[in-house]
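Step one of this worksheet: look at the structure below.
The values are calculated or read from the model by the stated rules, or taken from the named source; none is laboratory data. Note that the structure is a prediction, hence the values are computed from the model and not measured. Note that each Cβ is placed from the backbone with ideal geometry, even for glycine, and that neighbours are counted across all protein chains shown. Please note that ligands, DNA and RNA were not included when accessible areas were found on the heavy atoms of the full protein model with its side chains. Shrake-Rupley method; radii C 1.70, N 1.55, O 1.52, S 1.80 Å.
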Amino acid sequence: MDANLINGFVRAAIEVLKQELKVEEVQRGDLSLGETEFTSEELNCLIGIVGQLEGQCFYCCSKAVACKIVAVMADEAIEEYNDMVADGLAELANVITGRATIYLESSGFKLDLSPPTLLTGAGIKVGTMSIKTINVPLVTPLGTLMIKVGLREQKK
Amino acid sequence: MAKVLLVDDSSFMRDRCAKLLTKEGHDIFHAGNGKEGVDMYARVKPDVTFMDITMPEMDGITAVAEIKKTDPNAVIIMLSAVGQKEMVMKAIQNGAKYFIVKPFEPMKVLEVLGKFLPK
């Protein structure tokens, strides 16, 4: 995967997280190259991408971090993980990916997204369509959201 | 006070919008995908509809076209994370009046709603 593609996702994620969490700082951690499968965290939201690029993005975090993030988004106290947290995380993933596709559009890529799918449960092996991912931790005051992006040019 | 239909597969997003709009005194109706949105529109005949794009069963672009077939005067505002130029153009060509890209600012939603509410 072209490492430049990740920049659109990082930019989108930082902007969206700053706005949704109402914080000044979201730090990008060190990028790493993943394999074609990874071990899941407690929550892993998957969004499929098709078009001139194909692949997947994963947004992974603990339930505790998701609760904190969604509590801010919903402007409500959240005591424990529930369906609203799951839905809020899925929506966050959807919004970040949507914004990323806007940035990728300016690089000439027309893309469509799938609705989000949430995989729940740590320690599961998750395949990434034989596409190695680029992994980026995004560190917020509420905890870390790991983004894994695996994209390739569409097979003809 | 207006009847507002929210069409989005994310109940989180619908609830968030509903909270904002209910505070302003509007009556809110929900639909979880484009097909439900089309059916609910026919039942409720809202003053304004907020429509997401990426949804199962029927996407928002298609739902706009379907609603416009039966009500050419329908006021539909797109509210979506997918804000690529081509999507915006398709939505407007199908009859949407405006396009708001998520994440939305609450004031923007209220401002746009105010533009299209019946006087």
**Item:** For the stretch B:1-68, diffusion coefficient by Stokes-Einstein and Kirkwood Rh (Cα), 4 °C, 1.567 mPa s, µm²/s
**Value:** 112 µm²/s
**Item:** Helix-only mean residue ellipticity at 222 nm for chain B, each DSSP H run of n ≥ 4 adding -39500 (n - 2.57), per residue, nearest 500
**Value:** -14500 deg cm²/dmol
**Prompt:** Once the whole set of protein chains is in place, how much accessible area is left on A:Asp2, using a 1.4 Å probe, in Å² to the nearest 10?
**Reply:** 80 Å²
**Asked** Per-residue mean of other chain beta-carbon atoms within 10 angstrom of the beta-carbon, peptide A:100-107?
**Response** 3
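Mean projection of the alpha-carbon convex hull of chain A over all orientations, in nm²?
Numbers: hull surface 34.0 nm².
Quarter of the Cα hull surface area: 8.5 nm².
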**Message:** I'd like the FRET efficiency for B:Lys3 and A:Arg152, computed as 1/(1 + (r/R0)^6) with the beta carbon distance as r and R0 of 51 Å, rounded to 0.05.
**Reply:** 0.65
**Asked** What FRET efficiency, computed as 1/(1 + (r/R0)^6) with R0 = 25 Å and r the Cβ-Cβ distance, is obtained for A:Val50 and A:Asn4, rounded to the nearest 0.05?
**Response** 0.80
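Can you tell me the relative contact order of chain B? Whole percent, Cα pairs under 8 Å, sequence separation 6 or more. Can you show the working numbers first?
On the way: 206 pairs, mean separation 27.5, N = 119.
So the answer I get is 23 percent.
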**Prompt:** If the cut-off is 19 Å between C-alpha atoms, which lysines fall inside it for B:Lys23, apart from same-chain ones fewer than 8 positions away?
**Reply:** B:Lys3, B:Lys108, B:Lys115
**Asked** What is the mean projected area of the alpha carbon convex hull for chain B, to one decimal in square nanometres?
**Response** 6.3 nm²
**Prompt:** With each label point set 7 Å from Cα along the Cα-Cβ vector, what nm distance links B:Lys19 and A:Arg11?
**Reply:** 3.1 nm
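Multiplying the sequence separation of A:Asp30 and A:Asp83 by 0.36 nm and subtracting their Cα-Cα distance, what value in nm do you get?
On the way: separation 53, 0.36 × 53 = 19.08 nm, distance 3.13 nm.
Working it through step by step, the gained length comes to 16.0 nm.
By how many nm would the segment from A:Met129 to A:Asp75 grow when fully extended, if each residue of separation counts as 0.36 nm and the alpha-carbon distance is taken off? Spell out each step's value before the answer.
Working: separation 54, 0.36 × 54 = 19.44 nm, distance 3.66 nm.
Between A:Met129 and A:Asp75, full extension yields 15.8 nm more.
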**Message:** How high is the relative contact order of chain A? Use alpha-carbon pairs under 8 Å, at least six apart in sequence, and give a whole percent.
**Reply:** 41 percent
**Request:** Count, for each residue of B:82-91, the Cβ atoms from other chains sitting within 10 Å of its Cβ, then give me the mean as a whole number.
**Result:** 4
